[in-house]
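Single-structure report; data block below.
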Amino acid sequence: MCDVIDGTCDGGFRPVLTAFTENFAERGEVGAAISVTVGGVVVADLRGGCVTLAGRQAPWRPDTLVNLFSVGKGLISLLAARLAGDGRLDLDAPVARYWPEFGAAGKESVTVRQLITHQAGLPAVRRRLPPGAMLDWAAMTQALAAERPWWAPGTAHGYHVNTFGFAVGEVLRRATGRTVGALLREEIAGPLGADVRIGVPAAEHGRIADFDWPGPPPTEDDRPDLSDDELMVHNAYFNPGGLSGAGVINSAEWRAAEVPSANAHGTALGVARVYTALAAGGTLGGIRLADPDALAQASTEQVYGPDLILRRRSRFGLGFQLTQPERPMGPNPGAYGHFGAGGSVGFCDPLAQVAFGYVTNQMGPRWQNPRNRALIDAVYACL
């Protein structure tokens, strides 16, 4: 049953179905789904493969959730844009205005804008955190508040791989009194009817696809053998060891917790529905997700160039990844969204009125992923 491709695809978008089928036949796909809208209309909503790793018997269903990794950063960025647009968040205020404990160890003047654009110098924690600390919100935010920057804030940017969700999420929590998961549920996903979430209640764990994480989890040991720069990169992903999901990704504890940069869950249709609203300027079916001007600012380039963590060029708006020649979201300027580890991606192209959601349950190339690349190319070949 797992070899069946199910769903719908308009006749004019058959190349998307072909590319999706070839992902399984030629590119090693295990389980995945894709949803695409054009002008607010769903033109492809496809799924295939298996949701369980042992025996690989259970097929992907319309309501199958899967870990989205950094696709969740796009959802956090939308929340920040929403709050900025309605006056609940000042992007140019010091983070310490909302989170006083953050104003320590040289971070007193770090602004919300610098934090959300990966310029704050806070991509990792130096001291080794105890195993499982990523599941403890207070432990993570207290460690970040006490941490000194790895570089002078505002002088460079480096992808805050996992700390982004905790740090920006804590600012949003201090500004609203609600966790990022609750904000997403109450102000975005619930009103819009989009099946995306950060923190999945136990009653819904039965519809989450297993994620195929290759290799053993990293050790929890200190790394005195690493230089300061090497430690920064290593700890950005693996302090504590399960920070990115290694070794814990299929556990109930991971699924239920709020680890916003790494453990958002959703369906392809849920991701595409959010970006359908963004492609239309922030409103869909009378549901207003964000002020159009705030979205325009959020999708305007803030940083572009060498990234101190990724060790390649990256381009960001206010949290959103922006299309760039090295990693395009289609051929048009102005496309924005966020990729996730394994190849999952959600983005919109306001010029073409395209919204795109692709989710998968296996790790793959993080930078140039052949599966999402084939699907994106197929969509634009149909326009």
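The values are calculated or read from the model by the stated rules, or taken from the named source; none is laboratory data. Computed from a prediction, not measured in an experiment: that's the story for all the values here. No Cβ is skipped: glycine too gets one built from the backbone with ideal geometry, and neighbour counts run over all protein chains shown.
Can you tell me how many residues in region 4-21 are under 14 Å from THR37 (Cα atoms) and polar (S, T, N, Q)?
The number of residues fulfilling the criteria is 1.
Collect the residues in region 274-300 that are closer than 16 Å to TYR336 by Cα and touching a Leu at 6+ places or on another chain (Cβ under 6 Å), keeping them in residue-number order.
Residues satisfying the conditions are THR276, ALA277, GLY282, ALA298.
So, in region 340-375, how many residues would count as being modelled with pLDDT of 95 or more and surrounded by 24 or more Cβ atoms within 10 Å (Cβ to Cβ)?
Counting residues in region 340-375 that are modelled with pLDDT of 95 or more and surrounded by 24 or more Cβ atoms within 10 Å (Cβ to Cβ) gives 19.
Of the residues that sit in region 20-74 and are in contact with a helix residue (DSSP H, G or I) (Cβ under 6 Å, 6 or more places away or on another chain) and of a type in the set (A, V, I, L, M, F, W, C), which one is farthest from TRP213 (Cα to Cα)?
VAL43
So, restricting to strands (runs of 3 or more DSSP E) that lie completely within region 316-383, which ones have at least 2 residues that are among the aromatic types (Phe, Trp, Tyr)?
336-339, 354-360
For residues in region 51-82 being without any contact (Cβ under 8 Å) to a residue 60 or more places away in the chain and touching a Cys at 6+ places or on another chain (Cβ under 9 Å), which is surrounded by the most Cβ atoms within 10 Å (Cβ to Cβ)?
Once the filter is applied, the top-ranked residue is PRO59.
Please state which of the following conditions VAL125 fails to meet, knowing it meets all the rest: (1) in contact (Cβ under 8 Å) with a residue 40 or more places away in the chain; (2) among the β-branched types (Val, Ile, Thr); (3) under 21 Å from GLN302 (Cβ atoms).
The single condition VAL125 does not satisfy is (3).
Only one residue in ASP307, ASP291 is buried (at least 18 other Cβ atoms within 10 Å of the Cβ), at pLDDT 95 or above, farther than 15 Å from ALA120 by Cα and charged (D, E, K, R). Which one?
Working: ASP307 fails: farther than 15 Å from ALA120 by Cα.
The conditions single out ASP291.
I'm checking my understanding of the structure. Among residues of region 83-113 that are among the acidic types (Asp, Glu) and in contact (Cβ under 8 Å) with a residue 40 or more places away in the chain, which one is surrounded by the fewest Cβ atoms within 10 Å (Cβ to Cβ)?
Looking at the filtered set, the residue picked out is ASP86.
Scanning region 133-185 for residues that are free of Cβ contacts under 8 Å to residues at least 60 places away in the same chain, assigned to a helix (DSSP H, G or I) and of a type in the set (Lys, Arg), which turns out nearest to LEU308 (Cα to Cα)?
Of everything passing the filter in region 133-185, ARG173 is nearest to LEU308 (Cα to Cα).
Taking the conditions exactly as written (within 30 Å of ASP6 (Cβ to Cβ) and acidic (Asp, Glu)), does ASP90 satisfy them or not? Before you say what the answer is, go through the steps one by one.
Details: within 30 Å of ASP6 (Cβ to Cβ): no; acidic (Asp, Glu): yes.
No: the conditions fail for ASP90.
Being touching a Leu at 6+ places or on another chain (Cβ under 8 Å) and either basic (Lys, Arg) or at pLDDT 95 or above (or both): is that true of GLU258 here?
no
If I filter region 271-279 for residues that are at negative phi, at pLDDT 95 or above, of a type in the set (Lys, Arg) and surrounded by fewer than 24 Cβ atoms within 10 Å (Cβ to Cβ), do I get at least one hit? Steps first, answer last, please.
Within region 271-279, the first condition is being at negative phi, and the residues that meet it are 271-279.
Pick out the ones that are also at pLDDT 95 or above and you get 271-279.
In the following step, the residues that additionally are of a type in the set (Lys, Arg) were identified as 273.
When the remaining residues are screened for being surrounded by fewer than 24 Cβ atoms within 10 Å (Cβ to Cβ), the result is none.
No, the conditions are met nowhere in region 271-279.
What tally of residues in region 200-249 results from selecting those that are of a type in the set (Val, Ile, Thr), at pLDDT 95 or above and part of a loop (DSSP other than H, G, I, E, B)?
Of the residues in that region, 3 qualify.
Restricting to region 44-64, count the residues that are hydrophobic (A, V, I, L, M, F, W, C) and either under 12 Å from GLY357 (Cα atoms) or touching a Pro at 6+ places or on another chain (Cβ under 6 Å) (or both).
Within region 44-64, residues that are hydrophobic (A, V, I, L, M, F, W, C) and either under 12 Å from GLY357 (Cα atoms) or touching a Pro at 6+ places or on another chain (Cβ under 6 Å) (or both) number 2.
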